[in-house]
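The values are calculated or read from the model by the stated rules, or taken from the named source; none is laboratory data. Keep in mind the model is a prediction, meaning the values are calculated, not measured. So basically every Cβ, Gly included, is an ideal-geometry build from the backbone, and we count neighbours across all protein chains shown.
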Amino acid sequence: MTEKLFLTDVKTLRDRARKHIEHGAVTEGYRADRATVIRLLNEALATEIVCVLRYRRHHFMATGINAESVAQEFLLHAIEEQAHADQIAQRIVQLGGEPNLSPDGLLTRSHSEYVEGGSLLEMIKEDLVAERVAIDSYREMIGYLGNDDSTTRRMLEGILAMEEEHANDLVSLLEKFGS
Ligand SMILES: [Fe+2]
Ligand SMILES: [Fe+2]
């Protein structure tokens, strides 16, 4: 029974839940700094959107003997980055914020860059660089959140795992077509 000492008693839990019901999922027990989390998530959202745009551009511009399979890979990544953007936008709303989808300042908010790339090889390299940027920034956010917002942290961990897969895919493409 000693572990019970660490838990809030039922009456307090019930009373607290009735206060500020307009905050929805954000309860008094939310430990992270909400404004900071929303700002970080908006930066991640911008990063994902820039990645969608870059991958789509690369998808349509991929030419050459190896273009078809690479173009398909670019499209798949574009679709997956869009799904990340949607997950992040939804979480921002859940936290009481607003997703910033304005094209104004998109590149400034984004961590990754939008590089068109002249050749297929350059495109693959630029996408790999962008994935590596995303991997490091997600890792930092995850570390920052710790146990203060485990829902956001778990979402970001899922996205991070996929960015690592993307980077791995691109390295394989480089090895296949790069030399
Ligand atoms: Fe992504
Ligand atoms: Fe990615």
When you go through T47, T27, T12, T8 one by one, which is the residue that is among the hydroxyl-bearing types (S, T, Y) and either within 16 Å of ligand 2 (Cβ to nearest atom) or closer than 19 Å to R139 by Cα (or both)?
T47
So, L160, is that one modelled with pLDDT of 95 or more, over 22 Å from I38 (Cα atoms) and within 11 Å of ligand 2 (Cβ to nearest atom) or not?
no
The stretch 4-31 residues that are in a helix (DSSP H, G or I), paired with ones that are not basic (K, R) (beta carbon under 6 Å, 6 or more apart):
R16/E28
Return a yes/no flag: does the stretch 11-20 have any residue that is within 16 Å of ligand 1 (Cβ to nearest atom) and of a type in the set (K, R).
no
Counting residues that are of a type in the set (K, R), buried (at least 18 other Cβ atoms within 10 Å of the Cβ) and out of contact with any Cys (no Cβ under 9 Å at 6 or more places or on another chain), which helices (runs of 4 or more DSSP H) fully inside the stretch 57-156 reach at least 1?
67-94, 106-109
Residue among D169, D127 that alone is in contact with a Phe, Trp or Tyr (Cβ under 7 Å, 6 or more places away or on another chain), within 16 Å of ligand 2 (Cβ to nearest atom), touching a residue at least 40 places away in the same chain (Cβ under 8 Å) and among the charged types (D, E, K, R):
D127
Checking R39 against (1) modelled with pLDDT of 95 or more; (2) more than 20 Å from L101 (Cβ to Cβ); (3) charged (D, E, K, R), the condition it does not meet:
(2)
Pairs only if they're at least six apart or on different chains, beta carbon under 6 angstrom, first in the stretch 48-68 and among the hydroxyl-bearing types (S, T, Y), second within 16 Å of ligand 2 (Cβ to nearest atom) and assigned to a helix (DSSP H, G or I); list them, first residue then second.
Y55/F74; Y55/H77; Y55/A78
